[in-house]
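**Student:** Have a look at the structure that comes next, please.
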Amino acid sequence: MEYRLLCKQFPDLGCSHRTLNFGDKHFDFFPRIGLKLTGVCRLKCPFCCEPNRRQTVYDISNFLEITETLRKLGTELLCFTGGDPLSYPNIEKLLMHTKKLGFYNLLLTGDGALLKEKLNKIIPYLDAVRFSIHDMKMEHDKIVKRPGAFSEMNEALDILIKTNVDCFVTTVVTSLNTNSILDIAKWCFNKKVKKYFLFGLMRSGKGGDFINKFGEAPDEDIYELLAKLKQKYSHQQLEIIHYDYKRNAECILVYGDGQIVIDPYPNPPSFQLEIGNILSDTRENIIERFNKDPENLSGHYEHLKRYYKV
Ligand code: SF4
């Protein structure tokens with residue numbers, strides 16, 4: 001019944017409750033997954049979406065098994081995230097392993113200094129790096145509470161661009177930084193960044209408290225900014241992408257114990273929903289739990305369709 005309703009709303013959406021069908025693309029499992037390697041990060045973003053920064057850091061053997069399973073299930077792209085994934089002790093070995101398995105490796109980081117330290121060892125295994133930049137120069141440093149963070153990132157990005165690794169930038173748009181977005185986009189363009197993402201605040205982690213304290217940037221302001229950015233850069237080499245994180249299940253995340261969660265989910269306190277465990281559940285059970293709430297499939301579809309352009 002739920003699926004019939006969904007199919008009416010989204011004619012492209014598949015009716016099987018055991019698979020994910022987007023347009024002419026059919027998936028047995030989630031094509032893009034975020035790996036939560038660690039809660040450790042040297043930055044202190046006031047809206048950090050990770051609910052548990054002191055989470056257990058699992059042995060690499062867990063992640064080797066998790067990624068092998070994901071590859072067999074058909075996942076194509078891994079976002080290495082945390083905390084800061086570069087803080088994970090075996091990040092080099094893990095990236096090498098997933099590259100050999102044939103994944104697209106996308107590393108998410110805000111720590112340019114750590115990236116520079118590890119760069120020589122990891123460059124061969126990176127497809128792209130997405131930096132978090134929330135304002136320009138010292139204003140960014142103030143947000144993440146690390147003096148020099150912006151220039152460290154700037155230096156790491158220069159090295160990556162020279163070595164032909166694709167670089168993307170994300171800004172979490174808040175009520176405090178909307179005036180800086182055009183400047184950040186211009187900086188991205190000058191730096192030859194390929195994609196500039198504007199993200200809405202997530203409620204998981206510190207996001208909910210941040211929203212309660214400062215509110216969110218008004219939708220009209222964000223859409224006005226997006227229109228300006230798209231007009232200015234549509235014929236240039238900078239793609240502008242907006243995810244407001246207001247729909248269910250835009251992100252599918254796997255922790256080191258195999259737990260798989262969706263984020264966002266509307267229920268407090270975590271604003272995430274556990275849908276199973278990669279190391280102990282069957283694919284069918286995980287997809288079935290995911291599909292129990294039809295908003296999950298429609299939210300994830302909306303998120304992915306911008307990527308797959310269906
Ligand atoms: S860089 Fe990421 S993990 Fe680190 S504090 Fe900021 S949002 Fe959290």
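**Student:** Rg and Dmax of the chain, Cα atoms, in Å?
**Tutor:** For the chain, the Cα-based Rg and Dmax read 18.8, 55 Å.
**Student:** A further question on this structure: Could you size up the charge dipole of the chain around its Cα centre, putting +1 on the beta carbon of Lys and Arg and -1 on that of Asp and Glu, and report it in debye to the nearest 20?
**Tutor:** 600
**Student:** Among K93/K195; K118/K228; K118/K191; K99/K142; K194/K246; K118/K195, which pairs are too far apart, with a Cα-Cα distance over 31 Å?
**Tutor:** With Cα atoms farther than 31 Å apart: K118/K228; K99/K142.
**Student:** Within a 10 angstrom radius of the beta carbon, how do L78, L198 rank from fewest other beta carbons to most?
**Tutor:** Lowest count first: L198, L78.
**Student:** Which of the helices in the chain meet the span-like rule: DSSP H, Cα axial reach of 27 Å or more, Kyte-Doolittle mean at least -1.0?
**Tutor:** Helices passing the filter in the chain: none found.
**Student:** Let me ask another. Given Cα positions, please report Rg to Rh for the range 120-239, the hydrodynamic radius being the Kirkwood one.
**Tutor:** Radius of gyration relative to Kirkwood radius: 0.98.
**Student:** Using only the Cα atoms of the range 52-151, construct the convex hull and provide its projected area averaged over every direction, in square nanometres to one decimal. Could you put the intermediate results ahead of the total?
**Tutor:** On the way: hull surface 27.5 nm².
One quarter of the hull surface, i.e. the mean projection, equals 6.9 nm².
**Student:** Projected onto the charge dipole of the range 15-101 (+1 at Lys/Arg Cβ, -1 at Asp/Glu Cβ, origin at the Cα centre), which of V40, F30, L20 gives the Cα projection farthest towards the positive end?
**Tutor:** V40
**Student:** Ok, one more. Using Cα centres only, tell me the gap between the range 230-289 and the range 197-221 in whole Å.
**Tutor:** 17
**Student:** Quick one: Cα convex hull volume of the range 167-297, Å³ per residue?
**Tutor:** It comes to 135 Å³ per residue, whole-number rounded.
**Student:** Fewest to most neighbouring Cβ within 10 Å: what's the order for F214, F199?
**Tutor:** If I rank by nearby Cβ atoms, fewest first, I get F214, F199.
**Student:** Now for a separate question. Around C188, what is the net charge, scoring Lys/Arg as +1 and Asp/Glu as -1 over all other residues with Cβ under 11 Å from its Cβ?
**Tutor:** Residues near C188 contribute +3 overall.
**Student:** Can you sort M96, M138 so the residue with the fewest Cβ neighbours within 10 Å comes first?
**Tutor:** With the fewest neighbours first, M96, M138 line up as M138, M96.
**Student:** Now a separate question. Identify, among L64, H300, I133, the residue whose Cα sits farthest towards the positive end of the charge dipole of the chain, taking +1 on the Cβ of Lys and Arg and -1 on the Cβ of Asp and Glu, with the dipole about the Cα centre.
**Tutor:** The residue sitting farthest along the positive end of the dipole is I133.
**Student:** While we're here: Kirkwood Rh over alpha-carbon pairs of the range 12-97, then Stokes-Einstein at 4 °C and 1.567 mPa s: what D in µm² s⁻¹, rounded to an integer?
**Tutor:** Working: Rh = 14.6 Å.
Result for D is 89 µm²/s.
No value in this document is a laboratory result; all are computed from the given coordinates. None of the values given here were measured: they were computed from a predicted structure. Cβ atoms come from the backbone with ideal geometry, glycine included; neighbour counts cover every protein chain shown.
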